[in-house]
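Notes to accompany the following structure.
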Amino acid sequence: MAIALALGLAACGDANEGAPDTTTTRAAGTSGAATPLFDPCTGIPDDALTAAGLVPATEQTGVGGVKQPGWEMCGWKGADYTLGVFSTAISVAEFERKPGNVDFSDVTVAGRTGRQFRVEGAGKDQMCDMVFPARQGLLQLTLVNKSTDANPCDRLQSVGEAIVPGLPK
């Protein structure tokens with residue numbers, strides 16, 4: 001699972017690139033209180049994980065258990081795939097400008113619009129990524145198949161139906 005989280009972070013870019021070194025950010029165009037980053041480990045309920053086919057007890061934070069500055073990250077294992085959920089303060093537009101993130105297309109999951117993409121060089125038959133705008137910046141879902149029997153983007157769409165409704169907007 002650490003590999004899946006590391007690949008997801010690679011899609012995100014340098015942990016400090018375009019993101020603050022804290023776990024809070026100010027909402028764009030405001031001078032009000034900082035908005036804390038969504039923590040997927042505590043913010044996604046076990047019943048949603050189970051409905052998505054994930055095992056809550058397999059939870060792993062950060063990359064290999066190491067917290068990354070400017071990000072909240074969590075991952076879980078399913079029977080033959082892993083899911084990483086990432087939270088940061090950068091915008092979807094900034095994320096799309098990162099070299100290596102390619103093939104962006106619009107996607108709707110559980111009624112919420114976002115952007116599906118892939119990481120250049122990652123196997124199309126093994127990985128799929130989606131990002132969704134949020135008040136704090138963006139939320140990213142990364143699915144990595146252990147086998148090539150299922151299309152990772154179709155699977156992420158299905159898994160997302162259980163996960164995305166609980167994500168902050």
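The values are calculated or read from the model by the stated rules, or taken from the named source; none is laboratory data. A quick note: this is a predicted structure, and the numbers were derived from the prediction, not measured. Here the Cβ positions follow ideal geometry from the backbone for every residue, glycine too, while neighbour counts run over all protein chains shown. All accessible areas refer to the heavy atoms of the entire protein, side chains included, with ligands and DNA or RNA removed. Shrake-Rupley method; radii C 1.70, N 1.55, O 1.52, S 1.80 Å.
Computed on segment 73-121, with alpha-carbon pairs under 8 angstrom and 6+ residues apart, the relative contact order is 23 percent. The alpha-carbon atoms of segment 25-169 define a convex hull whose volume equals 113 cubic angstrom per residue. Here the convex hull built on the C-alpha positions of segment 44-102 has a volume of 121 cubic angstrom per residue. Treating r as the C-beta distance of K146 and A93 and R0 as 35 Å, the FRET efficiency rounds to 0.60. Of the solvent-accessible surface of segment 66-113, computed with a 1.4 Å probe over protein heavy atoms with every protein chain present, carbon and sulfur atoms account for 53 percent.
Excluding ligands, DNA and RNA, the accessible surface per residue across segment 103-148 is 42 Å² with a 1.4 Å probe.
Return the tail of the calculated pair distribution for segment 84-145, meaning the percent of Cα-Cα pairs more than 18 Å apart. Roughly 29 percent, once rounded to a whole number. Other residues with beta-carbon under 14 Å from the beta-carbon of M130 carry, at +1 per Lys or Arg and -1 per Asp or Glu, a net charge of -2.
Under the combined filter of DSSP loop state and at most 14 neighbouring Cβ atoms within 10 Å, segment 53-162 retains these trypsin sites (Lys or Arg not before Pro): K67, R97, K124, R135, K146.
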